[in-house]
Amino acid sequence: MEPVYADLSVEPARLANTAVEYEHCSFGGNHLALNAGGSVRADFDLDAAERIAEGILTVTALVSKSGRSAGYAPLTVLVNGEPVASRMTVPGGGDLPQDCVFSVPGALLRPGRNRVTVRSGADARTLLWLYRITFDSVHERGLSARAMLAAADERSVLRYATRTLVHDPEGGPHRWEDAGTLVVHVDRGERAPIAQLSWRRADGSEASVSFQSALEEFHGFHRDADGGVAEYRGRLRDRRAHPGGTEGATVHRFRTEEGWGGGWHSSGELRLAVDDGGAPLERVTWRDQRENTGSVAFGERAAGFLGYYQRAGEGPIGFRGTAVAGG
């Protein structure tokens, strides 16, 4: 079957083979917030010839807290009016979104239009935050999530307005200062958005950050060339498909090879930009939202690199590249 998903972490929602309707909901920046009694209806079509014996429905959500205490927003999930979960508590304590996975018996599905309803209890005392809904055949589990990540990565040039938290050495109040614009673009051909990123520059400055799942914010640290360490945050200001958004930024482009089985083998192209107007890059390490990881150290004038790469569920392999013209 075709991928079926509703990515509610962006506005407008990113949809595939799905139509959604909301009731008593509002967009909360990186999620859809359901008030007490609020609901989301996601409709999708199944071909009569598909004959799905079992479906896998994944609802990614959390229950917002009440101050420092756990919140209360019981979750009910229906497929064509039949409950697959009734007034369940989303685990996690309201700190992180959780993937709630449900088995949908084939008997609940029908040819043509099907409806998934996600509802917060009428007695909810806090908000139900809804991030994503995906549906797959049990034999193609994960298909929709992979397609959703690929769609999100189509606009992989990210521009952030950044700031650092400066500590007064004489004990005065801490203050946030503007740290300029950071351009990020990492394209290894895996079609998955960035999750974490670390880098070091030729002047000794370095940073390490982790991105919110919808890429709207990052949080981490920055150490300057003199050794001063500061909290480092960014808020997304622009997101485009390459080469849009790279104007004025240094984009490295490499022809790559992978090392395994005792030899080197031709691989895809790597495009990489981590540009805040600072000194040239020395090394970059990243992880994407599919749990693929890479780390590379640049040669002189970034004419090439040497490092490693590790795809999710596989062992590490060698990774090297030679610069090619263009960005």
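Between the helical axis of 143-152 and the longest alpha-carbon principal axis of the chain there is an angle of about 50 degrees. In the chain, taking the dipole from charged Cβ atoms about the Cα centre, the farthest positive-side position among GLY228, ALA192, THR322 is held by ALA192. When only alpha carbons are used to place a centre, the stretch 230-284 and the stretch 132-187 end up 15 Å from one another. Here the convex hull built on the C-alpha positions of the chain has a volume of 160 cubic angstrom per residue.
What does a probe at ALA312 reach in the stretch 141-166, counting residues whose amide N is under 11 Å from the point 7 Å along Cα→Cβ? Correct set: 142-150. Relative to the Cα centre, the charge distribution of the stretch 11-79, modelled as +1 at Lys and Arg Cβ and -1 at Asp and Glu Cβ, gives a dipole magnitude of about 500 debye. Here the scattering of the stretch 177-327 is modelled by Debye summation over its C-alpha atoms, one equal scatterer each and no solvent; at q = 0.11, 0.15, 0.18, 0.21 Å⁻¹ the log10 of I(q)/I(0) is -0.42, -0.79, -1.15, -1.54. The base-10 log of I(q)/I(0) for the stretch 1-60, evaluated at q = 0.12, 0.16, 0.18 Å⁻¹, reads -0.35, -0.58, -0.71 [Debye formula, identical scatterers on Cα atoms, solvent excluded]. Once you treat every alpha carbon in the stretch 1-147 as an equal point and sum by Debye, what is log10 I(q)/I(0) at q = 0.17, 0.21 Å⁻¹? Here log10 of I(q) over I(0) equals -0.89, -1.32. Given their separation in residues at 0.36 nm each and the Cα-Cα distance between them, HIS139 and THR89 gain 15.2 nm when the chain is fully extended. The loop-placed trypsin sites (Lys or Arg not before Pro) in the stretch 124-215, going by DSSP, that have at most 15 neighbouring Cβ atoms within 10 Å of their Cβ come out as ARG125, ARG141.
Straightening the chain between TYR22 and LYS65 buys 13.3 nm, computed as 0.36 nm per residue apart minus the Cα-Cα spacing. Label separation (GLU2 vs ASP224): 5.4 nm, computed from points 7 Å beyond Cα along the C-beta direction.
Applying 1/(1 + (r/R0)^6) with R0 = 41 Å to the Cβ-Cβ distance of ARG41 and ARG235 gives a FRET efficiency near 0.80.
About the centre of its Cα atoms, the chain shows a dipole size close to 300 debye [charges on the beta carbon of Lys, Arg (+1) and Asp, Glu (-1) only; nearest 20 debye]. Which GluC sites (Glu not before Pro) in the stretch 190-260 pass both tests, a DSSP loop state and at most 14 other beta-carbon atoms within 10 Å? In loop regions of the stretch 190-260 (DSSP not H, G, I, E or B), the sparsely surrounded GluC sites (Glu not before Pro) are GLU247. When peptides 93-105, 112-124 are sorted by average Cβ neighbour count within 10 Å, with the highest value leading, the order is 112-124, 93-105. Extension gain, SER210 to THR293, is 28.5 nm, computed as 0.36 nm per intervening residue step minus the present C-alpha separation. If you plug the beta carbon distance of HIS242 and ARG115 into 1/(1 + (r/R0)^6) with R0 = 35 Å, you get a FRET efficiency near 0.40.
Coordinate-derived values only; no laboratory data. Here the structure is a predicted model, which is why all the values come from computation and not from measurement. Using ideal geometry, Cβ is built from the backbone for each residue, glycine included, and neighbour counts are taken over all protein chains shown.
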